[in-house]
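A.B. asks: One structure coming up, written as structure tokens, with questions to follow.
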Amino acid sequence: MKAPKLILTMALACLCGTAVQAQDRPVLRLSLQEAQDYAVEHNYSMRNASLEVKKAEASRWQTLSTMLPQVKAGFDYQNMCGYEMNLGGRSMSMSSMMPDSVTIGGITMPISFPSSSTSSSEESGGIPMNPSGTFSITASIALTGAQIVGTMLNKIAINMADISRQQTEQTTRSSVKSIYTSILIMEQTVGLLDSSLLNMQQLLETTEASVRAGAAEQIQADKLSVQVASLRNSINSTRRSLTMLYNSLILQLGADVNSQLELTTTVEQVLNVDYAAHLTMGGFNIENNYNYKLLQQNERLSERQMTLAWMDFTPTLSAYYQYSDKTYFGKDAGFNMTPPNMIGASVSLPIFQSGTRMAKIKGAKISLQETQNSKQQAEDGLKVQYNQLCYDLISALESYQIQRENLDVTRRVFTNTSEKYKFGHASNLEVTNASTDIITAQSNYIQAVMSVVSAQVALENLLGN
């Protein structure tokens, strides 16, 4: 007797703890559409998918930036530690190294140098190598065919990332719909089981009263007692499953883990049998399928890869401009052979690489053919899959109609048998069988509803709805 009391005490403690926690939990009242929109905004998979798009855009700008002018500045300092240039042991001065005059346009002009510099060179016996610093600014630009094709590849990567984001959104909405529907079905099941339990408890009370009056045997009451306990256990198990589903929905929504959910959409609104039937008659536009869109982008990517291989034959164009300002530190100025402004341009064309480029082009062509074959195979497979999913949804709808009617019939049979049992017109075995039948019918009904939802979600995903 101690074990059942211990279990009951633990259950009451958990319920009390849950009740206390529920007072501080934020409440989210969501319809199915609101739940899907909330998940699209807060789900972590959706956040990562959006970040992947931004990452692809950043990669494209990184490639584009290599085609724009690059500017850099620098400062270079040199110190020869007092070294003086001396040629053949003779002192070198500016006047001895440079001509005395220069002729321009038939006019001869004398050239003179500062006397301080000359005297310093003559006194030291060499040319002083004073410390110097050079400040420079360089602007350059280089263009290749590979860079241009690279921007095209980055654009395709952005498109593929965006398609993946849309596909993730579709998957998120589908997952929310499946879990949302499962919760509604579980709650409906708990209600049905509670109703059955109430009827069974009333029958048990009636039977126990008959036993006390001597109108029934104790074995009949014992059988009903076991049936009530089994039904109560089923209810508790279903409630625990319902709690797990709520937790799964919270995680899928990306909401606070302490949130309390209230679902406002009904099972009938989620099922929407007319809409489900319409899906099977709307036709299949394969261009809306996200997997097919990714295959199309993959084909374009292979085409650009082949173009990129051909770019190895194109020239590379480059140009630059450089400004330099050299300053000597010290009383004597040194040689300044650095021009302040300089521009340049170059063109390079690859001539021979031992067949490497042609082999690369051939490999790119083969990859493109493989991609096209895979795309065609996937296209045929998607068309076959559409037909199969339509058949699955039609079968699920038919089964749902049957199981819904069967559940209604078994409930009426159970009610009728219970009434007969109260007046002694039905046996204990008939009541037990009726109770088992209604539980089985409820299970079949739940399975039928989930089959409709699963088939509908699968078809919607294929259609890209």
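A.B. asks: Taking Rg/Rh (Cα atoms, Kirkwood Rh) straight from the coordinates, which label in (i) 1.35; (ii) 0.99; (iii) 0.97 is the correct one?
C.D. replies: (i)
A.B. asks: For ASN285 and PHE423, compute 0.36 nm times the residue count separating them, minus their Cα-Cα distance, and round to one decimal in nm.
C.D. replies: In short, 43.4 nm is gained.
A.B. asks: Just tell me which lysines come within less than 18 Å, Cα to Cα, of LYS422; anything on the same chain fewer than 8 places away is out.
C.D. replies: LYS223
A.B. asks: If you don't mind, another one. Give the cross-link partners of LYS293 among the lysines, using a straight C-alpha distance below 18 Å as the criterion and excluding same-chain residues fewer than 8 apart.
C.D. replies: Straight-distance partners of LYS293: LYS155, LYS375, LYS383.
A.B. asks: Quick one: accessible area per residue over the chain, 1.4 Å probe, rounded to a whole number of Å²?
C.D. replies: 59
A.B. asks: For the stretch 165-178, just list the computed ³J(HN,Hα) in residue order, Karplus coefficients 6.51, -1.76 and 1.60, θ = phi - 60°, integers in Hz, with x standing in for Gly and Pro.
C.D. replies: Ordered by residue, 3J(HN,Hα) equals 5, 5, 5, 5, 4, 4, 4, 5, 4, 5, 5, 4, 5, 5 Hz.
A.B. asks: Now a separate question. Under 8 Å for C-alpha pairs, at least 6 residues apart: give me the relative contact order for the stretch 188-303, rounded to a whole percent.
C.D. replies: The normalised contact order for the stretch 188-303 reaches 18 percent.
A.B. asks: Within the accessible area of the chain, what % is carbon and sulfur when the probe is 1.4 Å and the other protein chains stay in place?
C.D. replies: 56
A.B. asks: Explain nothing, just compute: Karplus ³J(HN,Hα) = 6.51 cos²θ - 1.76 cosθ + 1.60, θ = phi - 60°, for every residue of the stretch 348-363 in order, whole Hz, x for Gly and Pro.
C.D. replies: After applying 6.51 cos²θ - 1.76 cosθ + 1.60, I find 10, 10, x, 9, 9, 9, 6, x, 5, 5, 5, 5, 5, 5, 4, x Hz.
A.B. asks: How about LYS326: which lysines have a C-alpha closer than 29 Å to its C-alpha, ignoring those fewer than 8 places off in the same chain?
C.D. replies: Within the straight-line limit of under 29 Å, LYS326 reaches these lysines: LYS72.
A.B. asks: Then there is this: Summing -39500 (n - 2.57) over the DSSP H runs of n ≥ 4 in the chain and dividing by its residue number, what mean residue ellipticity at 222 nm do you reach, to the nearest 500 deg cm²/dmol?
C.D. replies: Helix contribution divided over all residues of the chain: -23500 deg cm²/dmol.
A.B. asks: Sequence-distant or interchain residues sharing an amide H contact under 5 Å with SER259, placed H: which?
C.D. replies: It is none; the list stays empty.
A.B. asks: Does the stretch 157-226 come out rounded, prolate or oblate, given a ≥ b ≥ c as the square roots of the eigenvalues of its C-alpha gyration tensor, rounded meaning a/c under 1.5 and, failing that, prolate meaning a/b above b/c?
C.D. replies: Judged from the Cα gyration tensor, the stretch 157-226 comes out prolate (a/c at least 1.5, a/b above b/c).
The values are calculated or read from the model by the stated rules, or taken from the named source; none is laboratory data. The shown structure was predicted, so the numbers you read here are calculated from the model rather than taken from an experiment. Heavy atoms of the whole protein, side chains included, go into the accessibility calculation; ligands, DNA and RNA do not. Shrake-Rupley method; radii C 1.70, N 1.55, O 1.52, S 1.80 Å.
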